[in-house]
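Trainee: Next up is a structure, given as structure tokens.
The values are calculated or read from the model by the stated rules, or taken from the named source; none is laboratory data. It should be emphasised that the depicted structure is a prediction, and the values quoted were computed from it without experimental measurement. With ideal geometry, Cβ positions are generated from the backbone for all residues, glycine too; neighbour counts draw on all protein chains shown.
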Amino acid sequence: IQSSPPSYADYTVGVASGLDTADFDFGNFYSPAGAYHVQAGWNLLSLPVSMSDPVADSVYPNALSSISLYDSAYHPVDTIPNGKGYWVKFPSAKNILLQGNERTLDTVEVVEGWNLIGALSVPVGVGAIAQQPGSIVVSKFFGYRNGSYQAVDPDSSLVPHDGYWVKCSGAGDLILDGTLSMRSNPYVWVGKMYVGGVQCDSEFFSPPDTRALLEGTGIEVNDVLVEGYYVCAACGCPDYAAMHYALIGRDDLAEAGALGFTPADPPVTRD
């Protein structure tokens, strides 16, 4: 059974009386513009948009933990600031709807040692991050995905909604300018999470064709990638859950966003 509710909200599915639904897997394919994927368990995130009242309980109503920032030590906050990375735990993987004003420029204060910083509404190339004073960054930027830290390649980007560790030799500012990355690179990776039914012998879920979906609306697709397949714990057969990526022109971001694709660097890129 597949459903596509008309909005980002709870919904119900009716089935025939007497039908055994014990092994049914209900998938929600709705992923509007402004939807960001989170994983089950701990996530290292940052607020990608500017909100008028970013109260933690409203931004992440289903979180299992408080929002934990790091300033020489961890501490919980009730209101989420922009420019900061933070930890938050979720019971399951899902898409989170975050709406607000776009952030394409920010100056992030850093101190000597390790800092937990946030990203913008658009990808920011690591090479485009200005440092004041110069050369204070003495480590790579580290994100957190699939239960482990991952270093960001110098030729890659900080992506929206992710938080990052970075070590500095002293106090200063990091200037994140998303418009520089937009001008220097006309293409951007976007991604969308798809969750489907269990692929048993008696029921096979056909994953969406990302290229056909986007090109059907007039978006030129330069490349596609798919990351991650989960396994059904009950019988060991594949339970489809994967992130679909596409490399498109920046001018097509709005059209892709209407289909639920948001800027996101894939874990592996092609030359």
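Trainee: Determine, yes or no, whether Gly178 is closer than 29 Å to Ala258 by Cα, surrounded by 15 or more Cβ atoms within 10 Å (Cβ to Cβ), modelled with pLDDT of 95 or more and touching a Ser or Thr at 6+ places or on another chain (Cβ under 7 Å).
Mentor: no
Trainee: Consider His75 against the criteria (1) at pLDDT 85 or above; (2) touching a helix residue (DSSP H, G or I) at 6+ places or on another chain (Cβ under 6 Å): it satisfies all of them except one. Which criterion is unmet?
Mentor: Among (1) at pLDDT 85 or above; (2) touching a helix residue (DSSP H, G or I) at 6+ places or on another chain (Cβ under 6 Å), His75 violates only (2).
Trainee: Could you check how many residues of the stretch 93-109 are more than 25 Å from Ala242 (Cβ to Cβ) and among the basic types (Lys, Arg)?
Mentor: 1
Trainee: Inspect all residues belonging to the stretch 84-96 and state whether any of them is surrounded by 12 or more Cβ atoms within 10 Å (Cβ to Cβ) and over 16 Å from the mean Cα position of the chain (by Cα).
Mentor: no
Trainee: For the stretch 109-128, how many residues are farther than 25 Å from Asp252 by Cβ and surrounded by 20 or more Cβ atoms within 10 Å (Cβ to Cβ)?
Mentor: Qualifying residue count for the region: 5.
Trainee: Quick one: which residue in Val198, Val221 is at pLDDT 70 or above and of a type in the set (A, V, I, L, M, F, W, C)?
Mentor: Val221
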